[in-house]
1. Once amide H atoms are placed 1.01 Å from N in the peptide plane, what residues at a sequence separation of 5 or more from Phe6, or on another chain, have their amide H within under 5 Å of its amide H?
2. If each residue of separation counts as 0.36 nm, what is the full-extension length gain between Lys2 and Ala87 once their alpha-carbon separation is subtracted?
3. Could you sort Ile278, Ile337, Ile208, Ile342 by their accessible area in this structure, using a 1.4 Å probe and putting the largest first?
4. Heavy atoms only, 1.4 Å probe, whole protein assembly: order Tyr91, Tyr210 by accessible area, highest first.
5. Over 27 Å between C-alpha atoms is what I'm after, so list which of Lys32/Lys113; Lys112/Lys249; Lys11/Lys90; Lys113/Lys249 land there.
6. Note the full-extension length gain between Leu279 and Thr76 as 0.36 nm times their separation in residues minus their Cα-Cα distance, in nm to one decimal.
7. Measuring with a 1.4 Å probe in the full set of protein chains, what accessible area per residue, in whole Å², belongs to region 5-265?
8. Once you put a point 7 Å from the Cα of Glu139 and another 7 Å from the Cα of Asn323, both along the Cβ direction, what distance in nm separates them?
Amino acid sequence: MKSPIFAANWKMNHAPADATAFIRSFLANFGKRQDRSVIFFPPALSFGAVVGALKDRPDIQLGVQNIHWEDKGAFTGENSAPIARGAGAKYVLVGHSERRHVFGETEEQTGKKVAAAVRAGLTPMVCVGETLAQREAGETEQVVLRQLRAALSTISSAQAADCLVAYEPVWAIGTGRNATPADASAVHAAIRAELHRILEGGSLAVPILYGGSVNRGNAADLLAAPEVEGLLVGGASLDAEGWASIVLKRSGWLSRLSFKAYLRNHSRTAMFTRFLVILLIIDSIVLVTAILLQAGKGGGLAASFGGASSSSDSLFGTRQAGNLLTKTSWWAGGLFIFLAFILQIASSRGRAAPTSVLDQAVGTPPAAPTAPATGTGSQNVVPLQTAPATPAPAAPAPAKP
Ligand code: PGA
């Protein structure tokens, strides 16, 4: 499998100060690594703050959530691809479902935006996805592939080979209802086959990401699905620790067994805390066993070690054995208090780093979506309707300089 891509689409969340604090906290949990890519898509006005916060981490990439299809001109409120490039963006989301369904962006416009992005040296992440009605009508593949063709129709096949695609079913975005890994895989395979046709065979370089209600609970399973090469995450990318735990996820059984990966993915504090917990458990077992043997309730246990009667003396046979048990209880009790005390200090000194992917048992109930509430409910909720049939009104011509 190629190294996975984890993209955070913050949408209209995180003002510059929040964005800076988020990146600091994320970086504390996520060291440099070669085996995965991370891309942030912050809101335009927080973009500069994120660039500043990431200045020592060139391994983490940045993109913008939207661009206009013109390079410059009288388009109040818009940003162009060259402006985004100049601000430090490498990627741009094009055709996101909220652009299509909330702002009425047409397929023709997504094509023009892809062309503008490529002209300016930005890499488009082309988002495609069907509504619930389209899925129920059996039109998923037809809709998704039509959107894909329209988006890539404005560039050459060599340029298309450098793009990224994100499959994001509209009904899954911000709803807490993700596509199953099998459903995602099936659509990804159809996208791959279409890319193969469009790119005349050279489609393998194009990563296809899945997006739509991805969270800590389902990320590993989705990532393990065939053809899913990354995740585009909205709500669950808004909390730094939660996002780090998703980014540290890995698909495949091998990573479960990788001690190196475990060391890489956990902070020293987290590993020390776990070590203390294991010691505490062992100590508790010793303590309880010693007490049971002393109280004579460990007769069965004693017998299993070769003692003839049910008394602990029968196991050891002498008064010294009783003394040994008493001493063991005292030591184990003292150690228990000491370990509990150290554990308390260790856990208050820093929260454990997010666990690696497969530390989470498969089948862990998905965490509730973390999108913050807005006045109108979730910021992600998109009306389940298709894009307007009529193209959006033509934009005014740019003012002559
Ligand atoms: P979500 O959003 O993860 O909140 O569903 C994904 C997206 O819109 O890209």
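The values are calculated or read from the model by the stated rules, or taken from the named source; none is laboratory data. Here the structure is a predicted model, which is why all the values come from computation and not from measurement. Heads up, the Cβs are rebuilt from the backbone with ideal geometry, glycines too, and the neighbour counts pull from every protein chain shown. With ligands, DNA and RNA removed, areas are computed over all heavy atoms of the protein, side chains included. Shrake-Rupley method; radii C 1.70, N 1.55, O 1.52, S 1.80 Å.
1. Counting only residues 5 or more places away or on other chains, the set is Ser37, Val38, Ile39, Leu231.
2. 27.7 nm
3. Largest accessible area first, the list is Ile337, Ile278, Ile342, Ile208.
4. Listed by decreasing accessible area, they come as Tyr91, Tyr210.
5. Lys32/Lys113; Lys112/Lys249; Lys113/Lys249
6. So the chain would gain 66.8 nm between Leu279 and Thr76.
7. 39
8. 8.9
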